[in-house]
1. Go through region 142-246 and name the trypsin sites (Lys or Arg not before Pro) that are in a DSSP coil and have 12 or fewer other Cβ atoms within 10 Å of their Cβ.
2. For region 93-152, what is the Kirkwood estimate of the hydrodynamic radius, computed as the reciprocal of the mean inverse distance between distinct Cα atoms, to one decimal in Å?
3. Testing the spin-label approximation: label points 7 Å from Cα along Cα→Cβ at K113 and K211. State their distance in nm.
4. Using only helices, what value at 222 nm comes out for the chain when you add -39,500 (n - 2.57) per DSSP H run of length 4 or more and divide by the total residues, to the nearest 500 deg cm²/dmol?
5. Please list, in order along region 52-59, the HN-Hα scalar couplings obtained from phi with the Karplus expression 6.51 cos²θ - 1.76 cosθ + 1.60 (θ = phi - 60°), rounded to whole Hz, x for Gly and Pro.
6. Hey, what do the phi angles of region 89-95 turn into as Karplus ³J(HN,Hα) couplings, whole Hz, using 6.51/-1.76/1.60 and θ = phi - 60°, x for Gly and Pro?
7. Whenever you get a sec, compute what percent of the accessible area on the chain sits on carbon and sulfur atoms (1.4 Å probe).
8. Write down the percent of antiparallel bridges among all DSSP beta bridges whose residues are both part of region 133-246, to the nearest 5.
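The values are calculated or read from the model by the stated rules, or taken from the named source; none is laboratory data. Keep in mind it's a predicted model, so treat the numbers as computed, not measured. All Cβ positions, even for glycine, are placed from backbone atoms using ideal geometry, and neighbour counts span all protein chains on display. Protein only, heavy atoms only, side chains kept; ligands, DNA and RNA dropped before computing areas. Shrake-Rupley method; radii C 1.70, N 1.55, O 1.52, S 1.80 Å.
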Amino acid sequence: MEQLLAVRNLYAGIEGKQILKGIDLTINKGEIHVLMGPNGAGKSTLMNLVMNHPKFVREQGDIIFEDENINELTVDERARRGIFMSFQNPFEVAGVSLENFIRTAYMAVTQTKPSLLKFKKQLMQQMEELKIPTDYADRYINVGFSGGEKKKAEILQMSMLNPKLAMLDETDSGLDVDAVRVVSEGVRKYHNEENSVLLITHHKEILKSLKPDFVHVLIDGKIALTGGAELIDRIEEDGYTWIQEA
């Protein structure tokens, strides 16, 4: 399979505190990878480093995307390469409508100017599939949105931008069962043999239709265990203690 992302010997931290302690991870095109682990283990930090969040500092190691070392690329340059990240707690942006934001992001990432009518039609279709009221396109980004609506809006952005790598940070947290199913279906429809998903979750409901290829357990800034989907059931039943003890 063709390699999409490679993280090699990555050490990183924030505000002088080391969080990642030698992460090695390879994601090939067409794969779904899940990150699990106790709070504070470094899952979100890893995603933020791949996206180059300015608060996180890479101390050592390399991030390679489609055979290109992207260590020095800015956030927008990485987005144009095809990397997308949804947030655990999406921000509210007053004064900018959801539609205008997504269209502006689309133009920035693709370096094209789509037809307004064609873009609007595609946006409305995606919103209907995600069960987002279409009038939300004119509302300010996430302002007054419920937790579930904010997460659906993140998946809407992913669907419209169609990245090569989608990194989803606890997209299912705080959602009821019906909302999780809608979100997971949105991710399933996006995913194909030419792109990949890296997902942080603490639950297995979102994975019922996604069928992960690999599950990685992070503990204390290191990948302590890698396996298949069977790990999720074991962790739900027994927690992480057995991995830490091993």
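1. Working: sites: K150, K151, K152, K164, R181, R188, K189, K204, K208, K222, R234; in loops: K164, K204, K208.
Sites meeting the loop and neighbour criteria: K208.
2. Details: mean 1/r = 0.0834 Å⁻¹.
That comes to 12.0 Å for region 93-152.
3. For the pair K113/K211, the computed spacing is 4.4 nm.
4. On the way: 8 runs with 86 residues, N = 246.
Only helices count here, giving -10500 deg cm²/dmol.
5. Running phi through 6.51 cos²θ - 1.76 cosθ + 1.60 with θ = phi - 60° gives 6, 4, x, 7, 9, 10, 7, 8 Hz.
6. Values, residue by residue: 10, x, 7, 9, 10, 6, x Hz.
7. Details: 5720 of 11940 Å².
Whole-percent figure for carbon plus sulfur exposure: 48.
8. If I count the DSSP bridges inside region 133-246, around 50 percent turn out antiparallel.
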